[in-house]
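The values are calculated or read from the model by the stated rules, or taken from the named source; none is laboratory data. Computed from a predicted model, the values in this text were never measured in an experiment. Cβ sites come from the backbone with ideal geometry, for glycine too, and all protein chains shown count toward neighbours. Keep in mind that these areas ignore ligands, DNA and RNA; they rest on the heavy atoms of the full protein, side chains included. Shrake-Rupley method; radii C 1.70, N 1.55, O 1.52, S 1.80 Å.
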Amino acid sequence: MATAQKVSLALVMLGMVVILVARVDAAPKRTLRTRLTITELHEMARGALALEGPCGLTTDELVAMCLVESGGDAGAIGDGGQAVGLFQFHGPTWTDHADSTWSRRDAVPSFRTAIRYAKRAQRLLRASHQGTHRDLIWSHHNQGNIRAYASGYVGRCRRMLVKVQQASAQ
């Protein structure tokens, strides 16, 4: 991708973040909106993939995983406060794969970090001769390793993928 295209894409993504921040700042405190639409999630996934490169997951598959993890809520907190953001990253995983200036509550950096983590899964899966099927990458995201297969989580991702694809077709 040419440098001008990357700069243009980065500006578009920055614009989406500014719009999101403006929307959040304008919202009353009780109804703080951090849940993103499927369309917004698709735009962020496409932009992040353009910046980070392929990771073994399609745009729809990234969005499905995001919706399973957080329901598309950038402010989601889980696992007793340890998991934060769209992809529910724990602190150590975030520190290992995100840029130091990024926040787990920021949508675009969350997508970029999920892509980096999926690339890690691909490397580990290739090294162990397991293949790099989407289900294995999803399972790695949930389990943090390639030895344990999270069939329940993968099933939720598959079901969500169907919903995402149906929404995209409309």
Once you have the Cα-Cα distance between Asn145 and Arg123, take 0.36 nm times their residue separation minus that, and quote the gain in nm to one decimal. 6.8 nm
Prolate/oblate/rounded label for the stretch 50-170 (Cα gyration tensor, a/c 1.5): rounded
What accessible area per residue comes out for the stretch 98-170, rounded to a whole number of Å², with a 1.4 Å probe? 55
Once you place label points 7 Å from the Cα toward the Cβ at Arg159 and Asp96, how far apart are they in nm? 2.9
For the stretch 58-118: rounded, prolate or oblate by the Cα gyration tensor [a/c cutoff 1.5]: oblate
